[in-house]
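The values are calculated or read from the model by the stated rules, or taken from the named source; none is laboratory data. All values derive from a computational prediction rather than experimental measurement. Note that we place each Cβ from the backbone using ideal geometry, even for glycine, and neighbour counts take in every protein chain shown.
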Amino acid sequence: MSEELFRVEAVTKRFGPVEAISNLSVALRPGTIGLVGPNGAGKTTLIRMLMGLLAPDSGALSVLGFDAAREPLRVRERVGYMPEHDCLMPDLTGIGFVAYMGQVSGLPREVAMSRAHDVLEFVGLAEQRYRRIGEYSVGMRQRVKLAQAIVHDPELCFLDEPTSGLDPHGREEMLNLLRSLSKLGHRSFVLSTHLLPDTERLCDQMLLLDSGRKLAAGSVSDLLSGHNSETVVRVKGDAAPFLAALSSKGLEPRWEEGEVRVTLRDGETRPVFEAAVESGVELRHLGRSTATIEELFLARVREEGTRRAP
Amino acid sequence: MTISAPRYGSTSSERLGRTRRVLAIVRRELRRRAGWGTVAAVALAFVSVAAVVIVDAEFASLTRTLRLTTLEAPFESPIWPLLLLLVATSAGAGALAEDAGNRSIVLYLSRPIRLLDYVGAKAIACGTWILIAAAGPPLTAVLILTLLGVVPTSIAVSAALGYLAVGLLATIFLTGVALSLSSLTSRPLYAGVGIFGVVLSLFIGAAAVAAITGNLYVPYASPVTLLRSVGIGVFGGPSTPETDPATSAAVLAIAGAVLGAFAAWRASRVEVVSE
């Protein structure tokens, strides 16, 4: 596997007057990558270009070491794609469908059939493999979509809203499947989703996009820890005098969902203890606030808006 | 559900080339298009066309010397082209429409094949059925007549080549019509009605307009008439073609190619990764 999963260099893509991707540059290493952004952020356009289905107006993209615009078939030999919407062939059995997709990906017939059995067992459809897909439930259809995406053992798999349409139980099962697949280590995933908690649970890297621009990219843990410098304090007793005591020390505390949130100067915790003593409350928790991807995303959108404002 | 990593029983990393990938699609499409409608239409073509050729040749051999023109029988009436139209409708209506309807076209185009590979595979599968119906019955008839000693080998070879040439031309045109109309909808039924309706309307409409106006160019609008003219032209009479055979052949070939290109263009409009 290449050192870099993909590299995007100064890529711009326009559709008429609309700039879907604007001078985007990013390089991410193999792993599980969350592609996050609102509708119109450019996620779809980026995936299309990474799969060699769309050429950029300017710039270059390489995927697994291959130029996506010049060698699209080489790229697609090595990637799998699980679409969000229904796209199955209802007249085929699960095993027939997955084996067929393996053959279209270039696997010899016997190899495709053998692997179809393997992946259907993996996704939990071993017993239903000889049933027609038209009889499958929504959850089973999602699983067979995943099976066809990995039947040819791709190095990189694009997953478009993999938990879409699933009930909470089915969603949990799909996330577990993806987690176990990603733990194998030799296969990378690009997960495009609106469900930010899914990204948080599965991804080790992420790319935040908005209006075709990169808001943030890199390791999820680095981005989240670097984003938030707030301290969370939980107290036993009346919080009002505690808040007043913190304010009197030049801090700007907030009361939020039963917790006090405050940004400390240079991480110095002494004023918190002093305020607790002064207000007569008991400290029950003092720790760094953990941001969510949602908070990070909103903060980056605000920052980008401020930066671009005239 | 048990969660365990997939253990690929076959660890072979061998990948077949594009041709083999396309052949995989062709194989599936050939089976998929072999619905009862297609099989029935092909069987009807075999029975009716082969019977006409054999009976005509047998009678001719009793009364006069058998020549190549004697074997022109399939083109003397519009039955042969209309049977082919039935096959094209049955085999071609769902070629692209079904994939558009269930959106499986997305899965094809996300694989390591080109758009033209995909459309080409569909055309080969659909065209194979049309060619079987177009050339199969008269070729079978000629083979039987040759084995019975009714037709001399030299005439049989010429007739076989003639049937094959006209059959190929019919295949190119009808495959183009079927794929282009199939690419316009996601419902095979609509595509089927379109394929049959358009060609039949052109046949009836052109005949009516030509009868009323007497215009010699109007029959060129009818694919059925064009196919018959080419057949009659290839076999050298005795019927008189309504249109010039060479021009008719050119019109059918160009129309087929243009319609095929249109189908490919329509397929290229599909967004593989959708918003």
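Observations on the structure shown:
- Matching option when the condition is loosely packed, with under 15 Cβ neighbours inside 10 Å, of a type in the set (A, V, I, L, M, F, W, C) and modelled with pLDDT of 75 or more, among A:LEU298, A:LEU264: A:LEU298
- Of the criteria (1) within 30 Å of A:TYR81 (Cβ to Cβ); (2) without any contact (Cβ under 8 Å) to a residue 40 or more places away in the chain; (3) among the β-branched types (Val, Ile, Thr), which one A:VAL262 fails: (1)
- Criterion (away from chain A (no Cβ under 14 Å), over 20 Å from B:TRP129 (Cα atoms) and assigned to a helix (DSSP H, G or I)) met by exactly one of B:THR89, B:THR65, B:THR70: B:THR70
- Residues that are within 14 Å of chain B (Cβ to nearest Cβ) and either among the hydrophobic types (A, V, I, L, M, F, W, C) or over 20 Å from the mean Cα position of the chain (by Cα) (or both), drawn from segment A:42-59: A:LEU46, A:ILE47, A:MET49, A:LEU50, A:MET51, A:GLY52, A:LEU53, A:LEU54, A:ALA55
- Set side by side, the residues A:ALA27, A:ALA41 differ, and just one is in contact with a strand residue (DSSP E or B) (Cβ under 9 Å, 6 or more places away or on another chain), within 20 Å of A:ASP67 (Cα to Cα), touching a residue at least 12 places away in the same chain (Cβ under 8 Å) and not aromatic (Phe, Trp, Tyr), which is A:ALA27.
- Condition check for A:ILE133: over 22 Å from the mean Cα position of the chain (by Cα), facing chain B (nearest Cβ under 10 Å) and β-branched (Val, Ile, Thr): yes
Listed here are the residues, each with its yes/no results for (1) within 16 Å of A:VAL98 (Cβ to Cβ); (2) touching a strand residue (DSSP E or B) at 6+ places or on another chain (Cβ under 9 Å); (3) not in a helix (DSSP H, G or I).
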| site | (1), (2), (3) |
| --- | --- |
| A:GLU127 | yes, no, yes |
| A:ARG143 | yes, no, no |
| A:LEU159 | no, yes, yes |
| A:LEU166 | no, no, yes |
| A:HIS169 | no, no, no |
| A:LEU175 | no, no, no |
| A:HIS186 | no, no, yes |
| A:PHE189 | no, yes, yes |
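Each row is one residue, and each column tells you yes or no for (1) touching a residue at least 24 places away in the same chain (Cβ under 8 Å); (2) within 9 Å of another protein chain (Cβ to nearest Cβ); (3) under 26 Å from A:VAL75 (Cβ atoms).
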| position | (1), (2), (3) |
| --- | --- |
| A:MET101 | yes, yes, yes |
| A:VAL104 | no, yes, yes |
| A:GLY124 | yes, yes, no |
| A:VAL138 | yes, no, no |
| A:ASP153 | yes, yes, yes |
| A:PRO168 | no, no, no |
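- Failed criterion for A:SER62 (all others in (1) among the polar types (S, T, N, Q); (2) more than 26 Å from the chain's Cα centre (by Cα); (3) in a strand (DSSP E or B) hold): (2)
- Yes/no for B:PHE196 being within 25 Å of B:LEU68 (Cβ to Cβ), of a type in the set (Phe, Trp, Tyr) and surrounded by 15 or more Cβ atoms within 10 Å (Cβ to Cβ): no
- Residues of segment A:249-260 include at least one that is under 30 Å from A:ASN176 (Cβ atoms) and either outside any strand (DSSP E or B) or of a type outside the set (A, V, I, L, M) (or both).
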